[in-house]
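Data first, discussion second: the structure below is written as structure tokens.
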Amino acid sequence: MLALLPILANDIPWSAGGLMRCFDLVTEEGTLNNATFPAAVGRGPIGPAWLTGSLVAECLSQMLDRDLELGRNVQATCCGTWDTAVIAGLDERGEQPTPFLNIIMEPMAGGYGARPHADGIDTGGLFCIPMGRVPDVEMTEFLYPVLTLWRREVADSGGPGRHRGGLGASIAITPHGTSVPMGLVLASAGKAVAQNAGLCGGHPGNSGLDVVARRSRVADQLAAGRIPADLAEISDTLEPGQNYATSYLAPGEVFAMTWQGGGGYGDPLTRDPEAVARDLREQKITAAAATDVYGVVLAGGAIDTAATAAERDRLRARRTERSRVLGTTRGKADLATARRIDDNLVEVGPGGEHTVVACRHCAEVLGGPDDLAVAVYEGPRRRRDPRSSPQRPTTSTHPSCSGSTAAPPAGPRSPPRSCRPTTRITWAPSDGTPSPPPAERGGRAGAPSRSPTPGPHP
């Protein structure tokens, strides 16, 4: 229901029961989505359920994107996952100390995915919870012994594309009104690998990031009348949180959470330079992203048209240089009667076996419906576009055009998508410990996975 209701039935009352009668859910036994005894399922709603909903939404969007009317409901992945953080401890602000527990609900303001005709909504909410709301900061501080240092949108957290994904955000809190450490429980996916995939060549948004600042200087800064603005000011000892972890937050320390934005739609190099400049003025992206990702060169806030065209040509050429071509192209097509497939591809011809698929940007014929010629990059993802997901290779419609498109991994050398719902659970011998399946690249379900190092791209 994470995907079917919003995409296929957004115009009826929000009732999953009625919609369920219209569908049969088929899922293979022994997988993450249909676990068999004695598989552990306690974390299913947090990890696999969200990942499955996002995958189904992505599949439906790719199908509907060909239709002009149904395409209005197409959307890149929204925020990708739920980032759970729970704090619990002793509230000593009253006459008698009182136990408390608080689920940090700020990730309810996730970034919406971009659409074929519009950017995603910044901190717009969750795709599957239309009535969701974030807590009031002052009320949170009133109810629990914490002080909020900031809650703000994060630049570059929305997936780059012709239309940008909605921004995610971050919050930082420190204990205030308690003298004992708080318990801290983390549970989520999307920290090693972003789960907010883009569509039609759009890039994913940011990955999640939870950080505990140990040995912090926050007490001294507040005593001096200064409110710290980033983690670098707070501490030199930053402890990234794992996907699933139990920790603590002591008085004087700071917990910072960054949740995900939405995926982008379309090739970032086709985004209107004026929209890029506006995003930069409004601090939705950084100057580095404007040039490195969107290929837009600005001088004194104004767009340098000639330099922008040259930079975008250079970025396309770099895509070509690092890719290998699968198949052969067949010359140019007349796009006058072309029929849209998605943001990058069109059909040309009368239909059937005589139909060919061409690049919407350069008119190069890429082949028939089943034998497209594409350029595939298989290498370190950091050498690819700065915000690309490691789950898919970047493909281009033609070496001379290098427009980014979406394509499945090519060949047996491509790493498997371990978060697919058909991933089997493999058990150890009966006298051993069960081995859970991978929930995402970089870690096993139920085990800590590698977190990214804090940096300018959260």
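Laboratory data are not the source of any read-out in this text; all were calculated from the coordinates shown. Just so it is clear, the model here is predicted, and its values are computed rather than measured. In this analysis, Cβ positions are derived from the backbone assuming ideal geometry, glycine residues included, and neighbour counts consider all displayed protein chains.
Side notes on the structure shown:
- Mean projected area (nm²) of the alpha-carbon convex hull when segment 142-206 is viewed from all directions: 6.1 nm²
- The length gained by stretching the chain between Gln221 and Tyr248 to full extension, at 0.36 nm per residue less their Cα-Cα distance, is 7.5 nm.
- FRET E, pair Thr328, Arg281, Förster distance 45 Å, beta-carbon r, rounded to 0.05: 0.50
- Segment 300-374: translational diffusion in µm²/s, Stokes-Einstein, Kirkwood Rh over Cα pairs, 25 °C, 0.890 mPa s: 175 µm²/s
- Percent of Cα pairs in segment 273-319 per distance bin of 5 Å, from zero to the largest separation: 5, 25, 34, 22, 11, 3, 0.
- Whole-Å semi-axes of the ellipsoid equivalent to segment 73-154 (Cα gyration tensor, √5λ, descending): 33, 12, 9
- Charge tally around Met182: other residues with Cβ under 13 Å, Lys/Arg +1 each, Asp/Glu -1 each, net -3.
- Prolate/oblate/rounded label for segment 4-258 (Cα gyration tensor, a/c 1.5): prolate
- Cβ-based net charge around Thr140, under 11 Å, with every Lys or Arg adding one and every Asp or Glu removing one: -3
- On full extension, the segment bounded by Arg340 and Asp136 gains 68.9 nm, given 0.36 nm per residue less the C-alpha separation.
- Spatial extent of segment 107-182: Rg and Dmax, with the Cα atoms as the point set, Å: 15.5, 52
- Whole-number Å³ per residue for the convex hull built on Cα positions in segment 196-238: 85 Å³
- Sites Arg314 and Leu70 - FRET efficiency at Förster radius 30 Å, r taken between beta-carbons, to 0.05: 0.20
- Additional length obtainable on full extension of the chain from Ala88 to Cys59, 0.36 nm per residue less Cα span: 6.5 nm
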